[in-house]
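A short worksheet on the structure shown next.
The values are calculated or read from the model by the stated rules, or taken from the named source; none is laboratory data. Since we're looking at a predicted model, the values are computed, not measured. Positions of Cβ are backbone-derived with ideal geometry, glycine not excepted, and every protein chain shown enters the neighbour counts.
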Amino acid sequence: MECYKFQLVAIVSLVLLLPSTQGWGKDGHAIVCKIAQSRLSDAAADAVKQLLPAYAQNDLSSVCSWADTVRFYVRWSGPLHFADSPDKVCNYDFKRDCKDQNGVKGRCVVGAISNFTDQLLTYNTKTKTEYNLTQALLYFSHFMGDVHQPLHVGFTSDKGGNTIAVRWFKRKENLHHIWDVNIIETAEERFYNSNIDDFTADLQKNITKGWANQIKGWETCDNNKISCADVYASEGVKAACDWAYKDVTEDETLSDDYFESRLPIVQLRLAQGGVRLAATLNRIFG
Ligand SMILES: [Zn+2]
């Protein structure tokens with residue numbers, strides 16, 4: 001028993017110590033999936049319901065961070081959460097940027113989205129699929145969130161801002177974590193009494209009002225393609241240059257100015273992630 005207790009403490013400590021390089025934090029991914037599930041066609045809603053594990057109780061947002069919780073022991077999945085470009089290069093190129101640390105092509109968030117799209121497309125085929133479509137859905141929904149986090153399409157040598165040490169108000173953080181978690185958390189604390197549902201509801205209101213005339217454009221995928229992750233990655237690295245990295249120096253304290261000017265970008269990317277996740281699932285499942 002003591003030994004078991006020790007192991008548990010060791011595992012919990014290890015999890016707490018792991019660097020946060022996962023993409024939007026739990027809240028960001030949940031927001032993307034919540035927005036998406038509310039926009040599904042009947043056919044896609046039914047497919048999602050069939051594929052979700054029973055414990056999710058038909059709530060996609062409850063399992064949207066599953067891919068992060070398994071990535072440290074499902075080693076092959078690590079490089080699939082991001083697609084970094086060469087330093088100071090503010091555009092995305094599949095051939096140049098979509099590879100893992102061993103140079104294996106296609107192993108990045110954009111390649112993963114297209115791979116899991118292909119797997120999910122076997123849902124409606126007559127023959128029995130060889131894929132685990134529950135896992136495919138969870139990975140796909142997570143990576144559609146990740147590709148919208150600008151620093152998941154950041155620069156290679158600073159690992160998408162992970163090695164840039166800064167302060168968030170008084171707390172020591174790294175730039176990547178500020179975009180994964182802190183901007184969202186600070187907004188929830190300041191404006192929504194720390195209530196994620198109210199934060200999400202405000203984004204949804206904006207989707208039907210402020211951004212209403214842009215939604216068709218967000219949803220559209222050119223040339224009749226089913227998923228368009230290369231477009232989202234291109235927007236992401238541009239936002240990383242224009243907003244995330246811009247004017248940030250090592251060991252700087254980032255506070256109100258940075259928060260207030262970057263929050264609208266975070267809100268936009270969360271909303272786009274949700275709208276596009278739904279649009280893509282609707283195309284996949286008919
Ligand atoms: Zn991730």
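Any residue at all in region 144-155 that is aliphatic (A, V, I, L, M), within 16 Å of the ligand (Cβ to nearest atom), at pLDDT 95 or above and not in a helix (DSSP H, G or I)?
Yes, that holds for at least one residue.
Out of everything in region 98-115 that is within 16 Å of the ligand (Cβ to nearest atom) and in a helix (DSSP H, G or I), what residue ends up being nearest to the chain's Cα centre (by Cα)?
It comes out as 109.
With respect to residue 38, determine if the residue is at pLDDT 90 or above, under 18 Å from the mean Cα position of the chain (by Cα) and among the polar types (S, T, N, Q).
yes
Among the residues of region 254-273, are any within 18 Å of the chain's Cα centre (by Cα) and either of a type in the set (D, E, K, R) or not in a helix (DSSP H, G or I) (or both)?
yes
Of everything in region 50-65, what is of a type outside the set (Val, Ile, Thr) and surrounded by 14 or more Cβ atoms within 10 Å (Cβ to Cβ)? Give them in sequence order.
51, 52, 56, 59, 60, 61, 62, 64, 65
Checking residue 158 against (1) farther than 26 Å from residue 98 by Cβ; (2) more than 16 Å from the ligand (Cβ to nearest atom), which test does it fail?
Exception for residue 158: condition (1).
Which numbered condition in (1) of a type in the set (Val, Ile, Thr); (2) farther than 29 Å from residue 110 by Cβ; (3) in contact (Cβ under 8 Å) with a residue 60 or more places away in the chain is the only one that residue 226 fails?
It is condition (2) that residue 226 fails.
Quick check on my filter: what residues within region 210-228 are surrounded by 15 or more Cβ atoms within 10 Å (Cβ to Cβ) and among the hydroxyl-bearing types (Ser, Thr, Tyr)?
Correct list: 227 only.
So which residues in region 116-139 are within 16 Å of the ligand (Cβ to nearest atom), closer than 25 Å to residue 237 by Cβ and either touching a residue at least 60 places away in the same chain (Cβ under 8 Å) or among the charged types (D, E, K, R) (or both)?
Once the filter is applied, which keeps residues that are within 16 Å of the ligand (Cβ to nearest atom), closer than 25 Å to residue 237 by Cβ and either touching a residue at least 60 places away in the same chain (Cβ under 8 Å) or among the charged types (D, E, K, R) (or both), region 116-139 yields only 139.
Kindly indicate the residue of region 238-253 that is assigned to a helix (DSSP H, G or I) and out of contact with any Leu (no Cβ under 7 Å at 6 or more places or on another chain) and also farthest from residue 93 (Cα to Cα) among those meeting that condition.
So the residue we want is 243.
Output the number of residues of region 68-97 satisfying the condition of being of a type outside the set (Val, Ile, Thr), under 21 Å from residue 24 (Cβ atoms) and either in a helix (DSSP H, G or I) or within 12 Å of the ligand (Cβ to nearest atom) (or both).
11
Quick check on region 8-17. Is at least one of its residues within 26 Å of residue 268 (Cα to Cα), within 16 Å of the ligand (Cβ to nearest atom) and either hydrophobic (A, V, I, L, M, F, W, C) or modelled with pLDDT of 95 or more (or both)?
Scanning region 8-17 turns up no residue that is within 26 Å of residue 268 (Cα to Cα), within 16 Å of the ligand (Cβ to nearest atom) and either hydrophobic (A, V, I, L, M, F, W, C) or modelled with pLDDT of 95 or more (or both).
When you go through 229, 279, 187, 239 one by one, which is the residue that is in contact with an Asp or Glu (Cβ under 8 Å, 6 or more places away or on another chain), at pLDDT 95 or above and not hydroxyl-bearing (Ser, Thr, Tyr)?
279 is the lone residue from the list that is in contact with an Asp or Glu (Cβ under 8 Å, 6 or more places away or on another chain), at pLDDT 95 or above and not hydroxyl-bearing (Ser, Thr, Tyr).
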